[in-house]
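Only the coordinates and a few stated rules stand behind these numbers; no lab work does. The model shown is predicted, which means the values in this text are computed figures rather than measured ones. We place every Cβ from the backbone using ideal geometry, glycine too, and count neighbours over all the protein chains shown.
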Amino acid sequence: MIFALANSFHFLPSQGSYLAGRTDQLFYFLFWMSLFFVLLIFGLMLFFSIRYRRNNPVNRSINMKGHNALEIAWTVIPLLLNMVIFGWSTVLYQKLTYIPKDALEVYVVGKQWMWKLQHVEGPRENNELHVPVGKPVRLIMISQDVIHSFFLPEFRLKRDVLPGYYESLWFQVDKPGEYNLFCAEYCGTEHSRMRGRIIALSADDYGQWLATNATNTPPAVAGGHLFQSLGCRQCHQQENGKAPDLHGIFGRESVLEPTRKVDEQAVREALIGSNVAETFKRTRIMPSYRGQLSEDQIIELLAYLKENTASSANQAASAKITGHFGASTIASAKSPRTD
């Protein structure tokens, strides 16, 4: 009831995402608890300062040497409250950081002074992002120049976007509509104009929008052409052996850093010639593409490698099923009986 009453005063923007309501509940709990103790403490201070002011005829002969119950109370109660806050915020943090496996991926590049967004299906957008309602969306973000901050007030989400480093953020919109997108980090003279909107559509409307706007080459396809033109295939293929085979590489342990799994950042570092590629650089096998590849081209290569990973996973699953049941069983299951 307290949360509903607080929402009626519109202290915060409308709730637009799956976790916005839960974030608000924690915020209002902290707000009202803090307000209660502020009023209690300052109220008692004001009361005692008036009651025991100078020349006021009040009995001041009481000499309290200790009160065990009072000391236990003001120790245990704050401890319990802090443990509640810790547990509550930890559960919420895990929900905010755990990205569902079936999330749609959208690449985001921040630059002075606009947001460039790339769907894996092909459509590109500037300062706008069309998403389906009820489907988790993962944003893979990087800056092209200075530090920006991707801020979605209706979703209660904000993430700094750094040059040279990928950040991830996910959300799920509850209802169709338009939601604000801001840059919350001062990034130059046109910072105040670096804003956009999230447009949430129903599943049918989103499918129609994709079909209408799928005029650009999907990044995975463009990345495949780039992979070929850069000569990557000459070394990174299974039968060559000069360098690790990149098919199915995402999520696997890195060949050069066994304690690290291959993700977007690891691939980017290998391409631009830092950390991961140091061994290859020393042997002059792996060239550095620093200054030769744009952020958009790196995203295209990432999309291509991810698509190969998904294809390899499907092939491995098929091979496992075939090996378990037998190829003849699979074939008979696929073809109708004629006898």
*Expressed in whole Å with the largest first, what are the equivalent ellipsoid semi-axes of segment 104-213 derived from the C-alpha gyration tensor as the square root of 5 times each eigenvalue?*
23, 14, 13
*Normalise the Cα radius of gyration of segment 1-132 by 2.2 N^0.38 Å (N = residues in it) and let me know the number.*
1.79
*Relative contact order [Cα under 8 Å, 6+ residues apart], segment 152-237, whole percent*: 21 percent
*segment 77-169: mean projected area of Cα convex hull, nm²*: 7.8 nm²
*asked:* For segment 148-244, which trypsin sites (Lys or Arg not before Pro) pass both filters: DSSP loop (anything but H, G, I, E, B) and at most 11 other C-beta atoms within 10 Å?
replied: 242
*Run through every distinct alpha carbon pair of segment 167-245 and return the Kirkwood hydrodynamic radius in angstroms, one decimal place.*
17.2 Å
*Between the alpha-carbon centers of segment 84-112 and segment 6-81, tell me the distance in whole angstrom.*
32 Å
*Residue farthest toward the positive end of the dipole of segment 104-213, with Cβ of Lys/Arg at +1 and Asp/Glu at -1: which of 200, 112, 213?*
112
*asked:* Greater than 22 Å separation of Cα atoms is the criterion. Which listed pairs, 175/306; 261/306; 158/261; 95/306, meet it?
replied: 175/306; 158/261; 95/306
